[in-house]
Amino acid sequence: MLSIQSYNSSSDEESTENSTEELLPIAEPISKELQKFSIQKDLQICATPTVLPPPVDSDKILIHPDTKELTFNPKYDELFAPVVGPINPFKTQQNEVERNMLSGHIEPAHVSEFQFENQRRTFASFGYALDPSVSTDEQGLTKVIGSTEEAKDSDLKTVFEKTHLRPLDKRKRKRNNNPDDIDGFLGPWGGYEDEERVSRPTDEEQVELQELISKKNRRGFQPEEKLVEEKTVLHIKDAVDYQGRSFLHPPHDVGVNLKADAVPAKCFLPKSHIHTWTGHTKGVSAIRWFPKSAHLFLSSSMDCKIKLWEVYNERRCVRTYYGHRQAVRDINFNNNGNHFLSAGYDRYIKLWDTETGRVISRFTSRKVPYCVKFNPDYNKQHLFVAGTSDKKIICWDTRSGDIVQEYDRHLGAVNTITFVDENRRFVTTSDDKSLRVWEWDIPVDMKYIADPTMHSMPAVTPAPNGKWLACQSMDNKIVIFSALNRFKLNRKKTFTGHMVAGYACQLDFSPDLSYLVSGDADGKCFIWDWKTTKLYKKWKAHDGVCIGCLWHPHEPSKLMTAGWDGLIKYWD
């Protein structure tokens, strides 16, 4: 170390002389002088004192054991020795490891990218890898371990060398590249000669292909599956009268002119229960009058059966129709009554001959049809529409079985279809709590009615004069919409008192438009006054849900109800 005594001289030469004169050998006295040394106030201290090199005859002691100070300026190799020197953070990892490895010297090795990838693929393919590094053998010659020659000696191969052919390595393909052979042309798609290729799709694939083709061609798809046995049973012996007319012909001896278009002048409230039709083993889902005369009525049930009943005389079950695998959801007559449609949960819509019970045709869109309705126009009796569970209203042509139109605007399953405005338009309701009005054969709704206060309306009935629509709302109300131009909600006419939430209870008007009748979930039947919305009468009609009510179009006070107890009752 340098003893600092006289640094007050500004001359460089003096400072150099003083520094050289005061240089002392590094030994024990240095530390003692430093202890006695006192710094004067006007002295200037040098921040980089000079360290003397060790004497020639002294041993190289890097750090003094007492002062823990450097005894000389070490070189790079001495300062970064493996044991003495610290790890240099500014050196690369490779050099750092080389200089600080205690176990010995590390020799760098290089493997080419090709050799590394070759051995990696060899290991992935054959399960072993050869050493691609370079080494020296006993004779002093260099060789590549893992080369082709050594691999041949050891019977080991790499992926870039030929190996023995395995049974499936080379297979002969079937070839037919002749473009003139239209049926047998294979091209690049020919299979192997020993390959058993299935040329035909499976049954499930065939059904999917046919469904895709039918959708592309807008045709109704009928899958080839085992249908339920379609049959009918005639329960009466006198199917024809003395003139050869079938039971579809209205009778003349019942005291009512069933062919008249005139409605009763005045309707009255029914007072007593006069008849019960039994035959369904499960709940009744829908009842429909025979068109115009209403001397017969049709009923569908959850027992998968459809029955035709007499209204007058003996009130017998005329015919039973078997044809659905699951419960029947809806039924509808055409204008003449000689045909009717049935929609079931087995996703089929079937067209029946009412008199013979024969199934004329079947329709399906692979979705559950919730409602089905013939077009009421006489020149469009071959067309019918069905609301399905996939939010669509599909129009079929019964002559060809084709889908001729799709109305796809609803956001939920379609529940009802009602024709208005002289059958030029129809109204649909859906689970999306909306009401839409459509022009016939135009797949864009002309009117959309939706309100935050509206609920789903699963049953809709038009008034006899065609001016109003009565809708069964799921908030235990019957709401009235105008069926003319504006389709506006009539807020003054709201019928309440019954409990129908969760059930599609069918409702009906009296023929003279003086009463409105509906069932409810408790099995009761309710009758309101149309003008005042006052509840006139209610009574217990069924043990289960009273799902349907129909007022006879030619009788002033006769009412029919159907329930989930499987009974159909007649009231007068």
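On the basis of being farther than 25 Å from Gly337 by Cβ and either out of contact with any Gly (no Cβ under 9 Å at 6 or more places or on another chain) or outside the structural domain of Gly323 (by TED's automatic domain parsing) (or both), does Thr398 make the cut? Spell out how you get there, then give the answer.
Numbers: farther than 25 Å from Gly337 by Cβ: no; either out of contact with any Gly (no Cβ under 9 Å at 6 or more places or on another chain) or outside the structural domain of Gly323 (by TED's automatic domain parsing) (or both): yes.
So Thr398 does not fit the description; no.
Among the candidates Ala501, Ala541, which residue alone is assigned by TED's automatic domain parsing to the domain that holds Cys304, under 42 Å from the mean Cα position of the chain (by Cα) and among the small types (Gly, Ala, Ser)?
Ala501
Inside the stretch 501-525, can you point out the residues that are among the aliphatic types (A, V, I, L, M), surrounded by 23 or more Cβ atoms within 10 Å (Cβ to Cβ) and more than 22 Å from Thr453 (Cα to Cα)?
Leu516, Val517, listed by residue number.
So is Asp543 over 21 Å from Pro458 (Cβ atoms), of a type in the set (Asp, Glu) and either free of Cβ contacts under 8 Å to residues at least 12 places away in the same chain or touching a Phe, Trp or Tyr at 6+ places or on another chain (Cβ under 9 Å) (or both) or not?
yes
Could you tell me which of the residues Asp421, Asp402, Asp390, Asp397 is under 21 Å from the mean Cα position of the chain (by Cα) and either at pLDDT 95 or above or of a type in the set (Asp, Glu) (or both)?
Asp390
Here's the yes/no breakdown for (1) over 20 Å from Ser430 (Cβ atoms); (2) at pLDDT 95 or above; (3) in a loop (DSSP other than H, G, I, E, B); (4) within 29 Å of the chain's Cα centre (by Cα):
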position: Asp330; (1), (2), (3), (4): no, yes, no, yes
position: Asn336; (1), (2), (3), (4): yes, no, yes, no
position: Asp346; (1), (2), (3), (4): yes, no, yes, yes
position: Lys367; (1), (2), (3), (4): no, no, yes, yes
position: Lys373; (1), (2), (3), (4): no, yes, no, no
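Among Trp539, Trp528, which is buried (at least 19 other Cβ atoms within 10 Å of the Cβ) and either outside any strand (DSSP E or B) or among the hydrophobic types (A, V, I, L, M, F, W, C) (or both)?
Going through Trp539, Trp528 in turn, just one is buried (at least 19 other Cβ atoms within 10 Å of the Cβ) and either outside any strand (DSSP E or B) or among the hydrophobic types (A, V, I, L, M, F, W, C) (or both): Trp528.
Per-residue answers, yes or no, for (1) among the polar types (S, T, N, Q); (2) buried (at least 22 other Cβ atoms within 10 Å of the Cβ); (3) within 21 Å of Lys537 (Cβ to Cβ); (4) in contact (Cβ under 8 Å) with a residue 40 or more places away in the chain:
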residue: Arg436; (1), (2), (3), (4): no, yes, no, no
residue: Val444; (1), (2), (3), (4): no, no, no, no
residue: Asn490; (1), (2), (3), (4): yes, no, no, no
residue: Met499; (1), (2), (3), (4): no, no, yes, no
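Need a quick list: strands (runs of 3 or more DSSP E) entirely within the stretch 419-525 having at least 3 residues that are over 27 Å from Lys391 (Cβ atoms).
Correct list: 489-496, 515-519.
Report the residue count in the stretch 253-295 for those that are farther than 16 Å from Asp565 by Cα and not in a strand (DSSP E or B).
Here the count works out to 26.
Suppose we filter Phe509, Phe487, Phe526 for residues that are within 27 Å of Asp445 (Cβ to Cβ) and either outside the structural domain of Val284 (by TED's automatic domain parsing) or at pLDDT 95 or above (or both); which single one remains?
Values: Phe487 fails: either outside the structural domain of Val284 (by TED's automatic domain parsing) or at pLDDT 95 or above (or both); Phe526 fails: within 27 Å of Asp445 (Cβ to Cβ).
Just one listed residue meets the conditions, Phe509.
For Val444, work out the one condition from (1) over 28 Å from Ile568 (Cβ atoms); (2) in contact with a Leu (Cβ under 6 Å, 6 or more places away or on another chain); (3) not charged (D, E, K, R) it doesn't fulfil.
The single condition Val444 does not satisfy is (2).
The values are calculated or read from the model by the stated rules, or taken from the named source; none is laboratory data. A quick note: this is a predicted structure, and the numbers were derived from the prediction, not measured. Here the Cβ is made from the backbone with ideal geometry for all residues, glycine too, and neighbour counts use every protein chain on show.
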